[in-house]
Structures are given as C-alpha cells and as structure tokens.
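Enquirer: Before we start, here is the structure in question, set down as structure tokens.
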Amino acid sequence: MSTVLKLDGLTKSFPVGKRLLGKPRGVVHAVQPVDLEVQQGETLGIVGESGCGKSTLARMLVGLLPPTGGSIEINGAPLDNADPAEFGKKIQYVFQDPISSLNPRKTIRQVMEAPLKRLHGMTRAARDKRIAEIFASVNLREEFLERYPHEFSGGQAQRIGIARALAAEARILILDEPVSALDVSVQAQVLNLLADLKAELGLTYLFISHDLAVVEAVSDRVAVLYFGSVVEVGRAEDIFRAPRHPYTKLLANSAPVVGRALTAPEGRETELPDPLNPPSGCAFRARCPHATELCAREVPQLSGEDHRAACHHPLDQSGAIETEVSSQG
Amino acid sequence: MTGYILKRLLSAVPVLLGITVIVFLIMALIPGDPALAILGAYATPENVAKINRDLGLDAPLVARYFIWLGNMLTGDFGTSFSLNRPVIDEVLDRFSATLLLAGTSFLLCTLLGIAAGVISAAKQYGWADKGITFAVLLGISIPSFFLGMMMILIFAVELRWFPVSGMKMAYGGGGFADVANHLVMPAFALAVVATGVVARLSRSAMLEVLRQDFIRTARAKGVREGRVVWGHALRAAMVGIIPVLGIQAGFVLSGAVYIEMVFQWPGVGRMLVDAILKRDILLVQGGVVFVAACYVLFNIAVDVAQSLLDPRIKT
Amino acid sequence: MQFLTLLMRNRLAAAGGIVLSLVVLLALVTPLLPLANPDVTDTANRFLMPGAQGHLLGTDHLGRDLLARLLHGTRLSLAVGFAAAFFAAFFGAAIGIIAGYFGGRTDNLIMRGVDMLMAFPYILLALAIVAALGPGLTNALIAVAAVNIPFFARNIRGVTVGLAHKEFVDAARLAGLGHTRIILTEILPNVIPVIVIAMSTTIGWMILETAGLSFLGLGSQPPQADLGSMLGEARGALITNPHTSIVPGAMILVIVMGINLLGDGVRDALDPRLRSGALTRPMPATRVERKGTIPDQGDGEAVLSLRQLQTQFHVKNRIYKAVGGVDLKVAPGECLGVIGESGSGKSVTALSVMGLVASPPGVITGGAVYFQGEDLVGAPYEHLRSLRGDKVAYIFQDPLATLHPLYKVGDQLIEAIRVHHPVGRSEARARAVALLKQVRIPNAESRIDSYPHEMSGGMRQRVGIAMALANDPEVIIADEPTTALDVTVQAQILSLLDELRRERGLAIVFITHDFGVVAQLCDRVAVMYAGRIVETGPTEAVLNAPAHPYTSRLIACVPELGGGRRRLEAIPGLPPAVDRLEPGCAFAPRCLKASAACREGDIALEGPGMRAVRCIHPEAELEEGVA
Ligand SMILES: Nc1ncnc2c1ncn2[C@@H]1O[C@H](COP(=O)(O)OP(=O)(O)OP(=O)(O)O)[C@@H](O)[C@H]1O
Ligand code: SF4
Ligand code: SF4
Ligand SMILES: [Mg+2]
C-alpha cells in the first residue's frame, strides 16, 4: 500500500467583513491545521456537523480553494493545479447536489465530453466509445446522453456526476456528501455503485458525510472533524463503537438508533463556539463533561497509534476516562 | 443607529467626489477652447479673461478639477452668463420648486403603488388584480409628457378643473390654495409612471413573500388574513421594495424635467434644458452636481430606513 | 420552440407582439409607400384636420403631411430605441459578467464605478452628456445607452455571481476548462435569458427616453423628426390643434405598450420559476372540492382522525395525487409517527388537516378530517382559523425559514397567544417568557428580544416548539422538525418533545424519514408510499416484523450505526410519479413478490387490531399489536 494523498498542516481561514483596502475585520479558521494520509485503495470517511469545515477541506483537495497554509501531496508530488488539464486527471470531485452540479443548458453528452476533450484530448470517435463504456459501468442508458439535467431524478443525476468524475480517469475521488440529497431507497443504490466501481477500478475515496451510519458502512477508516480540526481518526468499525474522543462519543450517542431509548446526551452548553472568537485550548471544552483546567490551557494534539484522538483525557474501551481508570487501578 | 448614519454619511463622501469627477470628465469632452465653449455667445474678451482666471482653464486637466472642486466647496458654483446671476442662487431657487413637485409625486407613487401592488397580489387573478395590472401597464407605457399634455386638454381646457399654468409662487405670491391647485395635475402626471413601477414591483415582491414558509407559519398560528397580508407579508416585502423606492425617486426627479416643461413649472429641470439650449455650461454643471448630491443624501435616508426595517443589516 | 409556444399561449403577449410587428413592418416599408415628403412645408395648408384631402392625418403647423411625418418619425424612434437598448445591453452585460465572474477586487472596482453612475438621477447624466456633446439624435442615443449600462451591469453581475458559485462551474473547472471557456460555455448560456428579459423590459423605456430628449429639443433636430420631437413641436398648438399632438403621442403609447406586453410575455416564458406557475400566492385556506360520500368518524377515542383523505395538485392539465386516501388517527397523549420517503405525501397530509396546503395548485378532493368529532374539510375559513394554533398546532422543518425574519421571536410568540386569547401585552409577554423557559432556552428574558437570525438552528427550533405550545393545543403536528438539525441537536429536541408530550398529554403526529427517530419517540407508526399508508401498527411490531415488502426493504436498505462495513440491500427503481399512478399496488414495479393480482384493483389496508397492511403477499402474518 502506498500513500496517495497526504495533507500536512493544511489550514484555511476566511477573512470576514472585507474592506476595499486594508485588513479585514476578522478571520474565521474554517480548517485548522489538518494532517491526514490516505492509502491507495482506501476509503477514508470524514464526518462532522454542519459548519465544521468538511466541504472547505474537500474543495482545497481538488484545488477549488487555495489553502492558507500547509501542503497537499498527491502520489508523493505536491499539489499543483497550475495546469488544470494535468491536475484533473489525478483527483476528481463528486458534488453534494447532483442537479446543480450539471449545467442546466448542456446536454449530458456535452457534460461528459468536457473532461474527455480537455483532459485527454480525445477524438470524437474515441470520446463516444469511452462515454459508452463509462455509462455502462454506472448503469446509465445511452439514450440519456441527449437529454438535459432537469429531466433526471436525483439518483440518476448523481450517477451522471459520478460518470463525469470517472471520465477524467482520476484515481482519487472526493465524494462530498454524495448521497445526502437522495432518497433513502436510492441512497443505497448509489452507495453500492460506488463500492463496485472502487473494487473494479482500484479507486481511492475520500467520503464526506454527516450521516454516521452511512460513513461507517462504506469506510475503511473514519476521521471526525470538529470546529475545523480532526479530533479523532480510527478504523471504521472501532470509531463509533469505542470512541476515544468525547465528541465522537457524543455524536455516536446522539444518532437515533432503533432499540435505544431517547436520551438527551448533553447537559451543558450546546452551541458551537463562535468562530470569530475561538476558545483557548480544546474547542470542545464548553460541551465536554470531562473538561479540566488543562483543556483550557493547551490545545490537545492527535495522539495514539492506530486509533488517534486529540484529547487530553481520552476515553478507553468502556467509555470511561483513561486517567481515571488508571488512578483507580 | 447614529453611528450607522454617520458611517453612511461618511461613505457618501467618495460617492460625491465620484459624481464631481464624472461631471467634470463629461464636461471635458466639450470640443474646442473650454473658455469659448463655456461662454458661447457671451465670449467677450473680458469674460474670457475672467473665466480663465476663475477656473484656471490654462492649467492641466487635473489641476482644473481641483480648482473647480475647491470653488464648489466654498459655495462658488460660478456665474450663469445667460442669467447673469450666481449659479448657486438660481439652482437653489429652482430646486425648491422641483422639490415640491417631485416630493408630492414621490409620496403619491409610494402610497398608491404599494397599496395597488399589495391588493393586486392578495387578490391574484381576481378582478382587482386584472384592473390594476392593466392600469399599471398603461401607466408605464405612456410618455409622461404626453400624459401631461392630455391632462391639460381634458382637465384644464375641457373641464376647467385646474389651471394650465401660471403659478404665482415662483414670483413670490400665491398662497397654499394657489400652489395646491397648480400642483395637482403635474404631480399626478409625474407620479403615474413611478406608481406603475412601484405597483408592479410590490406585486411581485408580495407574491414572492406570500409563498414563503413563514407566511404558512403565521397562518398555522391562526393569524387573521388581513394581518398576514398587510403585516407579515408586507413587512417582509418592504425589504425588497424600499431600495426600489430609492431608485424611483431618481426616476421621479428625472421625469420632473419633462413635466416642468409641459406645465411651465419653474423648476430645476426646465432650467437645465434652457441652459443646455443656451449652452450655459456652468449652470448645467452646477445644477447637475447639486441635484445629484441631494439625491445621494436621499439614498442614504433610504438605506437608514432599510436598516431600521431589517435587523439583519449590520448597523 | 417551446419558448415560442409558451409566448403565443400568453394572449396579451401575442397581441403585443402582433401590434409591434405591424408597427415595425410599417416602419420598414415606409420608404416604399406613396407618401408625401415629410419635410416639405406648405404654410397655406397649416393645421389641416385629419381626413383632409390628400392628408389622411392632416398637417402640422408648417403644413407638412402628418402621416408621412408619423411614419418616418416612427422609423427613427424605433431605430434609435433598439440601438440604444442593444448597446446598453451589450456593454452592460460584458461589464456585469466580468465583474461577477472574477469577483474580488475586479468586481469591487467595477461595481463602485457602476454605483457612482447610479448615484445620478439618470436624466442628469443624460443631460450632462448631451450638454457636452451638443443636442442631436446620435448624441441622445449615446446618452440614453450610457445611462442604462449601469442598470444592465448590475443586473447581470448579480446573476453571474450566483452562477459562478454554482457547482457546475466548479465541475467545469475540474474538467479542465479555462476562464474564457467557462464564461462562454457555462456562464453565458445561462445569462442570455436574463439579458433578453432585461432588454425586453427596457426597450420600451429607452424609446420613451430618447423620445423624451427629442421632446425637450435635445434629440433629433429639425427638419428631421422622431416621434418625440414631433410632440415637442406640436406642444405650442396643443390647445388649438390637439390632433398634431395626439397623433405622435398615441403612436409612442402604442409602440411602448406593445413592447411591454411582449416583454412581459418573454419574461414569463423564459423565467423557469414563472413557467412552472410557481409564482402564485397560496390562498388563506386550501381549496376544497369534495366529491363522493363523506366517510364517518370511525374511532371515537381519537382526537384527530383522517378518513380517506385525498389531496391533489392540479398543475396545468396534470393531476398529482399527492395524498390518495389516507386514514390516520391519533388519541390524546399518543405519538403517531408517519414515515416515508421524500414525495410520499407526508407533508401534504399534515398540511391538509388545517387547510394549509398551498392552493392553487392544491385541492382537497375527498375524505374527511375529524377533530374532536367535527369534520374540518370545507369548514368556513374563520372557524378553521380559530382552531389553527389554538387546538391544532404545527412545528415545521426548517426553523430559519418558518420564523418571520423581521420580527423578534418574542413578538411572534406573543402574537400566537394574542390571536386566540384577549390578554394584555405584558401578560402575553410574561407567558412567552415562561414558554421559552419550558423549551429550555437559557436566559429566556433576554432571548425573547432576539431576532431569529441571531439564534442557532437548535434554539430556533425550540422557539418553533414554544410557539406550537403557546395555546396548549390538543394536537401538535410536527413535520420533520429535526431534519435540518445536526444529530446532537436533534437528540435534544427529540427528548424535549418526548418530555413535553408526557407532561401535557399532547397528541403528536410526528413526520420523519428516519426509523431511528420513530423507534425512539413514537407509540405507533404509519408507513407512507406514493400518497397512501401501506402499513401501520405499534412501532415495535412494525419495526421488528414489517409486513409490507416496502417497509421491510426500506428498513433493510438504511444503514444503521454499529452495523460495520457492509453492502446495503438497495431497492431497485424509483418511487412512482404521483401523476401517473398505475392501478393496483404502487410498489409493484419494485417488488420482488409482485404477482398479476397486485397490479389489478385497489388493495385494502387491512389487519387485526392496530396492525394493518396494504399487501396481497405480506412478509409476515399480522399479529394484533398492543400499543
Ligand atoms: N405546490 C405543489 N405543487 C405541485 N405538486 C406538489 C406541491 N407540493 C407537493 N407536491 C407534490 O406532492 C407530492 C407529495 O409531497 P410531500 O411534500 O407531501 O412529500 P413529503 O413526503 O413530505 O416529502 P419530503 O420528505 O421531501 O418532505 C410530491 O409528489 C410533490 O411533488
Ligand atoms: S481535551 Fe479536554 S475538553 Fe477537550 S475533549 Fe478532551 S477532555 Fe474534553
Ligand atoms: S401488493 Fe403485491 S406488489 Fe404490492 S407490495 Fe404486496 S406483494 Fe408487492
Ligand atoms: Mg415534507
């Protein structure tokens, strides 16, 4: 296995209250320094609540947003989108809203041809052949090619979006909430299709979603994002079953599950911190039942071997705080 | 709030400067010797010398602008040669008459336009809606000067309800009744187009708002329909209507030029047209800058009104 | 093509188009017509009345033939108006697209300049330009075009900004397209309709403006005359010879009116929102056109009982059967879950109860809604209104959209109370504070003066709940109240609702698409598919032993937390469109057990006790469930 995607201290901050001249009024750190590695053939899931920086992160990876700091390496080489034609062949993006990611005034054929023409410089005949192949692999009928986006249901449009990403022949796909705009019964179809394509073509996925169950079902590893930082990374089967970060635990306990009684898992403050005025130390402090004075002072760093968490007092398997357990034992 | 008003006033400074730059540049387009162009028929040697001195016409363009601006800041807009009178005095006299006319029209178009638009939207596809829509279409299609002429024919000549022209106010006489009597026709003629535009816009803004979820919420609460329409919906629709009122004020001011010609109203518009025809450039320049500046201030008032209405605007 | 059909369907636009075409045609052939020379004066024959020998429309103050002058003037006015519109649209659109697409500093600079130009009442700018360039028709044209450029620029910029942030533009970038290509192939095709709309709605205006300048004597110069200068010259003889004024004035009116009618038609045909007929305002209560017999109340214990309820949407000549005969009931203190996929008719069912379905296009076409034994379908509006929010209250999905953005949350709460109870403001306010405390809003006393946008999503939804509780209703209908919220917030809102209902003995109808939520909150559940209930029963019974194939497969295809990595059991196909429902079971095309019998007539919703299923080959034998 080799590392195909490597993020090193990646950050993004947005100035708010821009003025024509001079400095902006404030800065929002949408993505705090993030380090992540994705292996060839792996699906890395990314979960987090709305506004935690999921999409910002994804858009930086495909060069749609310039990072404020840090670096992105693809296949060992730093990201370089100076030449869009080269770059697009390495990494592609599947959008959340399938309909609005298709130009309403272009036929599906025109949509599909753009990457083939611009990225691969294919001839007309070669393009037609390739489109036919791709359409077969995503279970779309070729008669759709002459139609316009509004004639499709969400699920079909999302398949078209996936087909377009495949046409670039990139080996890495960033999937930004690819199924959250879809109906549950259609969602499963698309998720299965993604799994098949991955196995068939040896793709690598970065799968972003707010739905814990979906992420768990499709990922090898999962990273939990809170307030722009990765607070926990681990294997998909472990991370929600035995979370080490209190926030992950809160998320897992909040997800409605058949057969589990209703509990309000939070007693303390519920609001996310103000992004213009971030708290010192751990961003989760105000909501955390285990917060100590240390948490207010120092920003916790990701630590651990396989299953890493950014917390001063990580939880152990039983859900208790490790330090407490050790002091008892 | 006062802070916001001050901020807006401050932000008007660059706009005002921009206006002077634009007017100055347009006037610099005049071909030939600027002194001769400005003086036209009044180009006696001593006048040429005086104007060259006053305006620094020998200096390069940028310097000329600053001399001109400096003069204006001290209230010196130059002298009108055709009237042989300081420009600022003439403009102030005339502008008060325009203000009366345009202000009345603006009030009319705001009240009538919004009322018509709301009724039209609330009774969509009903008779009231169809009637209003047709009247609006007629209103925005008829040239205001033609409408004014037709009103004179019908109401002044045929029916003799109102005088054609000859208001005494301009000459220092005439009481309120005289002014009002002379004001009715021009104010209406001037208001018609703007009323049409405001009514149209109010209608579509209301239709847009009435479909919103919060209207459904109000109805689900059991709020009476009258209050839903004239309270909840109109309040939200005003956010879209108010900026257009600001623009419409500009249209009313613009339309006043025609109406003043038709009704012999002694306003600034007629003054400008006369000045252009007599090529009294300084009078044109001064009039344009002055009225535009007033309009900028008016738009600040509109912004303030908007911020009072909409708490989402950061003050 | 579709565009032309749409345009012609609009009768007024067609009329405008015909009138305008006639005028344009006349203007085009004017030089070929046997007309008098429009500029030849004949002072002996001044002011001839219309109908005079050889002068169909009479003559003007110099004895010139009015008809000839009118047609030549029309030619000129049209040409100038169209040219001005074209130039303004071209330059304005170019500026707007560049500013909107590139954004940032470019945008900022350009738009400041545009704002500067818009800071003038437009005629001042036009007058200044004419003053500088001198009177004349070309100069008037330049002036009118120039003052309209900012309008186009601002308009087009707005649209472009919206487009430039659309995902399909990002997608094009990732497909390797450069800026020029993106502007030309992605942005421009989407902007052109807007340009056309803006042009069609402003050409009339520009014709008026150029005519206006000519009227003032600043446009066309004698002897050449456009319509405006004809009117200007005729003004002196307005009272003595009105026909010389009326002729050109009426022509301007006809032209501009034709253009405006056509322009409105163009706008309606090009604006997709108007095309779908979406811009209609909903009436205060849903239209009722009930056919057939009115079902009886059925179960007497239920506080709210829907019987065979049918609600349709009539859009053009299509009928969408959004709700096709729904039976539901809820008893005091009970929580009924309604679950189904998007478009299955959950919301429409819920809104039908109090006549809140948007109408047009919604119509309640059958069935009954019994609230405390009284049928509300077709009840007088005033009666319905008095129950809304007082006896039956709603909580809606998106709390930001459902609260009025410009009223303080306190005022919205107070209003909810005072509509139904004649209490003073201060008393209502005290009650509002108490309500906010009940829904656990911290610092209720100060939060009451907040605006919705100042609150977080969870807080807003709490306000929504407080508003529903304001008058101690018998029934609360909650339409996906937590779907827009994050899971952590959702958990809090759900436990709050659960507590409140136990405290107050509320009946709740809870709509959701999440089985986990139903399982945690609801006593009974009804599963909806294509506008009908396909299965109902006590929550546990339905979830543990689903009887309808749809229910069981829907449960299977939703991943559940803790299940680990796995392949999901997808349901092939799509839910049916409710305007083309086949007879028989709506799930048949996707059902593995479907038989010929399934595609024949209506299948009843049957079962013992509280359990019922609408299927010929149920997955499990139904057992009488106990709540
Ligand atoms: N205003 C409308 N005009 C036309 N059709 C409509 C309208 N509102 C709803 N419909 C149709 O009615 C059907 C039922 O819609 P409804 O909103 O009740 O579904 P839902 O189950 O609430 O879905 P969701 O889970 O997305 O909220 C759908 O087919 C929808 O297209
Ligand atoms: S670092 Fe402290 S506050 Fe942050 S999650 Fe861990 S225990 Fe809680
Ligand atoms: S009635 Fe027939 S088609 Fe419908 S769900 Fe049952 S078995 Fe399937
Ligand atoms: Mg719904």
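Enquirer: Of all residues in segment B:291-302, which are of a type in the set (Phe, Trp, Tyr) and either at the interface with chain C (Cβ under 8 Å from one of its Cβ atoms) or under 18 Å from C:Val130 (Cα atoms) (or both)?
Expert: B:Tyr295
Enquirer: Only one of C:Gly464, C:Gly516, C:Gly457 is open to solvent by less than 20 Å² (accessible area, probe 1.4 Å), touching a residue at least 12 places away in the same chain (Cβ under 8 Å), under 30 Å from B:Ile313 (Cα atoms) and away from ligand 2 (no atom under 16 Å from the Cβ). Can you tell me which?
Expert: From the options C:Gly464, C:Gly516, C:Gly457, the qualifying one is C:Gly464.
Enquirer: Still on this structure, please answer the following. Give segment C:580-614 a look and list any residue that's part of a loop (DSSP other than H, G, I, E, B), in contact with a strand residue (DSSP E or B) (Cβ under 7 Å, 6 or more places away or on another chain) and within 20 Å of C:Leu554 (Cα to Cα), or say none.
Expert: C:Ala586, C:Phe587, C:Leu605, C:Arg611, C:Arg614
Enquirer: Give just the number: which of (1) of a type outside the set (D, E, K, R); (2) more than 7 Å from every other protein chain (Cβ to nearest Cβ); (3) more than 17 Å from C:Ala416 (Cβ to Cβ) does B:Val228 not satisfy?
Expert: B:Val228 satisfies all of (1) of a type outside the set (D, E, K, R); (2) more than 7 Å from every other protein chain (Cβ to nearest Cβ); (3) more than 17 Å from C:Ala416 (Cβ to Cβ) except (3).
Enquirer: Taking A:Pro243 as the residue in question, decide whether it is closer than 30 Å to C:Cys522 by Cα, within 16 Å of ligand 2 (Cβ to nearest atom) and touching a residue at least 12 places away in the same chain (Cβ under 8 Å).
Expert: yes
Enquirer: Looking only at helices (runs of 4 or more DSSP H) that lie completely in segment B:1-118, which have at least 1 residues being touching a Lys or Arg at 6+ places or on another chain (Cβ under 9 Å) and not small (Gly, Ala, Ser)?
Expert: Passing ranges, in order: B:2-28, B:34-39, B:45-55.
Enquirer: So which residues in segment C:277-293 are closer than 25 Å to B:Ile119 by Cβ and either in a loop (DSSP other than H, G, I, E, B) or modelled with pLDDT under 85 (or both), if there are any at all?
Expert: Those that are closer than 25 Å to B:Ile119 by Cβ and either in a loop (DSSP other than H, G, I, E, B) or modelled with pLDDT under 85 (or both): C:Gly277, C:Ala278, C:Leu279, C:Thr280, C:Arg281, C:Pro282, C:Met283, C:Pro284, C:Ala285, C:Thr286.
Enquirer: Sticking with this one: Which ones in segment A:212-240 are without any contact (Cβ under 8 Å) to a residue 60 or more places away in the chain and either more than 7 Å from chain C (Cβ to nearest Cβ) or aromatic (Phe, Trp, Tyr) (or both)?
Expert: A:Phe240
Enquirer: Please find, within segment C:341-357, the residue that is farthest from ligand 3 (Cβ to nearest atom) out of those that are within 14 Å of chain A (Cβ to nearest Cβ) and polar (S, T, N, Q).
Expert: Here the residue is C:Ser342.
Enquirer: Could you tell me whether any residue of segment C:377-394 is buried (at least 18 other Cβ atoms within 10 Å of the Cβ), away from chain B (no Cβ under 13 Å) and away from ligand 2 (no atom under 16 Å from the Cβ)?
Expert: Within segment C:377-394, one or more residues are buried (at least 18 other Cβ atoms within 10 Å of the Cβ), away from chain B (no Cβ under 13 Å) and away from ligand 2 (no atom under 16 Å from the Cβ).
Enquirer: Among the numbered criteria (1) open to solvent by 10 Å² or more (accessible area, probe 1.4 Å); (2) within 14 Å of chain B (Cβ to nearest Cβ); (3) within 16 Å of ligand 4 (Cβ to nearest atom), which one does C:Tyr320 miss?
Expert: (2)
Enquirer: Taking the condition of being closer than 17 Å to C:Ile183 by Cβ and open to solvent by 60 Å² or more (accessible area, probe 1.4 Å), how many residues in segment A:108-122 meet it?
Expert: 2
Enquirer: Of all the residues that make up segment B:119-132, how many are surrounded by fewer than 18 Cβ atoms within 10 Å (Cβ to Cβ) and part of a helix (DSSP H, G or I)?
Expert: Residues flagged as surrounded by fewer than 18 Cβ atoms within 10 Å (Cβ to Cβ) and part of a helix (DSSP H, G or I) within segment B:119-132 amount to 5.
Enquirer: Before we move on, is A:Glu113 farther than 27 Å from C:Pro575 by Cβ, among the acidic types (Asp, Glu), within 14 Å of another protein chain (Cβ to nearest Cβ) and assigned to a loop (DSSP other than H, G, I, E, B)?
Expert: No.
Enquirer: Right, next: For A:Lys6, only one of the following conditions fails: (1) within 24 Å of A:Leu193 (Cβ to Cβ); (2) touching a residue at least 60 places away in the same chain (Cβ under 8 Å). What is its number?
Expert: Unmet condition: (1).
Enquirer: Please count how many residues of segment A:138-179 are surrounded by fewer than 18 Cβ atoms within 10 Å (Cβ to Cβ) and either within 11 Å of chain C (Cβ to nearest Cβ) or on the phi > 0 side of the Ramachandran plot (or both).
Expert: Counting residues in segment A:138-179 that are surrounded by fewer than 18 Cβ atoms within 10 Å (Cβ to Cβ) and either within 11 Å of chain C (Cβ to nearest Cβ) or on the phi > 0 side of the Ramachandran plot (or both) gives 4.
Enquirer: For segment C:32-55, which positions are free of Cβ contacts under 8 Å to residues at least 12 places away in the same chain and either among the small types (Gly, Ala, Ser) or surrounded by 15 or more Cβ atoms within 10 Å (Cβ to Cβ) (or both)?
Expert: Within segment C:32-55, C:Gly51, C:Ala52 meet the criteria.
Enquirer: Among the residues of segment A:60-110, write down those that are hydrophobic (A, V, I, L, M, F, W, C) and part of a helix (DSSP H, G or I).
Expert: If the condition is that a residue be hydrophobic (A, V, I, L, M, F, W, C) and part of a helix (DSSP H, G or I), then A:Met60, A:Leu61, A:Ala85, A:Phe87, A:Ile108 are the ones that fit.
Enquirer: Can you pull out every residue in segment B:196-223 that is open to solvent by less than 20 Å² (accessible area, probe 1.4 Å) and not in a helix (DSSP H, G or I)?
Expert: B:Gly222, B:Val223
Enquirer: Given (1) more than 16 Å from ligand 4 (Cβ to nearest atom); (2) within 8 Å of chain A (Cβ to nearest Cβ), where does C:Pro583 come up short, assuming only one miss?
Expert: Of (1) more than 16 Å from ligand 4 (Cβ to nearest atom); (2) within 8 Å of chain A (Cβ to nearest Cβ), only one is false for C:Pro583: (2).
Enquirer: Starting from segment B:261-284, take each residue that is facing chain C (nearest Cβ under 7 Å) and list its partners that are open to solvent by 10 Å² or more (accessible area, probe 1.4 Å) and assigned to a loop (DSSP other than H, G, I, E, B), counting only C-beta distances under 8 angstrom and pairs at least six apart or across chains.
Expert: B:Val273/C:Gly217; B:Ile276/C:Pro135; B:Leu277/C:Pro135; B:Leu277/C:Gly217; B:Ile281/B:Ile30
Enquirer: As an exercise: evaluate A:Gly202 against (1) at the interface with chain C (Cβ under 9 Å from one of its Cβ atoms); (2) at pLDDT 90 or above and give the number of the one condition it does not meet.
Expert: (1)
Enquirer: Let me ask something else. Does B:Val23 fit the bill of being within 22 Å of the chain's Cα centre (by Cα) and either exposed (fewer than 11 other Cβ atoms within 10 Å of the Cβ) or in contact (Cβ under 8 Å) with a residue 12 or more places away in the chain (or both)?
Expert: Yes.
Enquirer: A further question on this structure: Hey, could you check segment A:97-107 for residues that are under 19 Å from the mean Cα position of the chain (by Cα) and surrounded by 21 or more Cβ atoms within 10 Å (Cβ to Cβ) and say which is farthest from the other protein chains (Cβ to nearest Cβ)?
Expert: Checking each candidate, the answer is A:Pro98.
Enquirer: At least 3 residues that are within 22 Å of B:Ala233 (Cα to Cα) and within 16 Å of ligand 1 (Cβ to nearest atom) in each: list the helices (runs of 4 or more DSSP H) lying fully within segment C:328-416 that qualify.
Expert: Qualifying helices (runs of 4 or more DSSP H): C:399-402.
Enquirer: Quick one: in segment C:395-416, of everything that is more than 8 Å from chain B (Cβ to nearest Cβ), among the aliphatic types (A, V, I, L, M) and surrounded by 22 or more Cβ atoms within 10 Å (Cβ to Cβ), which residue is nearest to C:Leu497 (Cα to Cα)?
Expert: Within segment C:395-416, the match that is nearest to C:Leu497 (Cα to Cα) is C:Ile395.
Enquirer: For segment B:224-238, give me each residue that is assigned to a helix (DSSP H, G or I) and open to solvent by 30 Å² or more (accessible area, probe 1.4 Å).
Expert: B:Glu225, B:Gly226, B:Arg227, B:Trp230, B:Arg235, B:Met238
The values are calculated or read from the model by the stated rules, or taken from the named source; none is laboratory data. Bear in mind the structure is a predicted one, so any value in this text is a computation, not a measurement. Don't worry about glycine lacking a Cβ; one is built from the backbone with ideal geometry, like all the others, and counts go over all protein chains shown. When the accessible area is computed, the model is the full protein with side chains, heavy atoms only, and any ligands, DNA or RNA have been set aside. Shrake-Rupley method; radii C 1.70, N 1.55, O 1.52, S 1.80 Å.
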